[in-house]
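Heads up, the thing below is written out as structure tokens.
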Amino acid sequence: MGCDIHAKIQYCYQDGNDWFDLCDGLDIPRCYELFSYLAGVRQCQGIIPIYEPRGLPPGEEDWQLSKIYGRDGHSHSYCTFKEFMEGQDANWILENELIGYTLWFNIFKLTARYYGEENCRLVFFFDN
């Protein structure tokens with residue numbers, strides 16, 4: 001059985017109080033190395049996750065897509081663009097072109113460039 005990721009990109013203004021959805025329902029191809037990097041899901045050997053799953057960020061508990069998957073959804077988490085790029089294995093992920101040429105990552109990168117690396121985040125969960 002395969003594992004898929006469901007994600008959205010959000011941004012906030014400098015005050016950091018309110019987050020807004022930019023892209024919900026992103027099409028992120030199945031890539032277990034990336035899943036391991038984001039949250040330790042499918043634990044590919046040698047890849048150190050940015051964080052273990054830390055749940056949905058405050059205010060996202062009612063994310064409709066997450067509710068649709070119910071108990072089949074797991075390992076809910078999020079990371080800012082800065083956290084993504086500062087992770088121990090970020091260079092390996094990028095150098096192996098696991099994400100470099102995909103649309104979702106380009107949107108993530110451009111959003112971070114416009115709003116700031118700490119004001120752009122990927123919110124996600126997985127299902128089997």
Report yes if some residue within region 41-49 is surrounded by fewer than 15 Cβ atoms within 10 Å (Cβ to Cβ), in contact (Cβ under 8 Å) with a residue 12 or more places away in the chain and either of a type in the set (A, V, I, L, M) or touching a Pro at 6+ places or on another chain (Cβ under 8 Å) (or both); otherwise report no. yes
Leading residue by the ranking (surrounded by the most Cβ atoms within 10 Å (Cβ to Cβ)) among those in region 6-40 that are aromatic (Phe, Trp, Tyr) and closer than 18 Å to LEU56 by Cα: TYR37
CYS3: passes all of (1) more than 14 Å from the chain's Cα centre (by Cα); (2) within 13 Å of PHE125 (Cα to Cα); (3) crowded, with 18+ Cβ neighbours inside 10 Å but (3)
Sort out for me the strands (runs of 3 or more DSSP E) sitting completely within region 1-112 that have 3 or more residues that are farther than 23 Å from ASN128 by Cα and either modelled with pLDDT of 90 or more or of a type outside the set (Ser, Thr, Tyr) (or both). 4-12, 19-24
Enumeration of residues in region 113-128 that are outside any loop (DSSP other than H, G, I, E, B) and more than 12 Å from the chain's Cα centre (by Cα): ARG113, TYR114, TYR115, ASP127
Please identify the pairs in which a residue from region 101-112 that is of a type in the set (Lys, Arg) has its Cβ atom under 9 Å from the Cβ atom of a residue that is at pLDDT 90 or above and surrounded by 18 or more Cβ atoms within 10 Å (Cβ to Cβ), counting only partners at least 6 apart or on another chain. LYS109/PHE81; LYS109/CYS120
Note down all Cβ pairs under 6 Å where the first residue falls in region 73-84 and is free of Cβ contacts under 8 Å to residues at least 60 places away in the same chain, the second is of a type in the set (Gly, Ala, Ser), and they're at least six residues apart or on different chains. SER75/ALA39; HIS76/GLY55; SER77/ALA39; PHE81/ALA112
Go through region 82-126 and give me each residue that's more than 25 Å from PHE20 (Cβ to Cβ), surrounded by 14 or more Cβ atoms within 10 Å (Cβ to Cβ) and acidic (Asp, Glu). ASP89
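The values are calculated or read from the model by the stated rules, or taken from the named source; none is laboratory data. Here the structure is a predicted model, which is why all the values come from computation and not from measurement. Note that we place each Cβ from the backbone using ideal geometry, even for glycine, and neighbour counts take in every protein chain shown.
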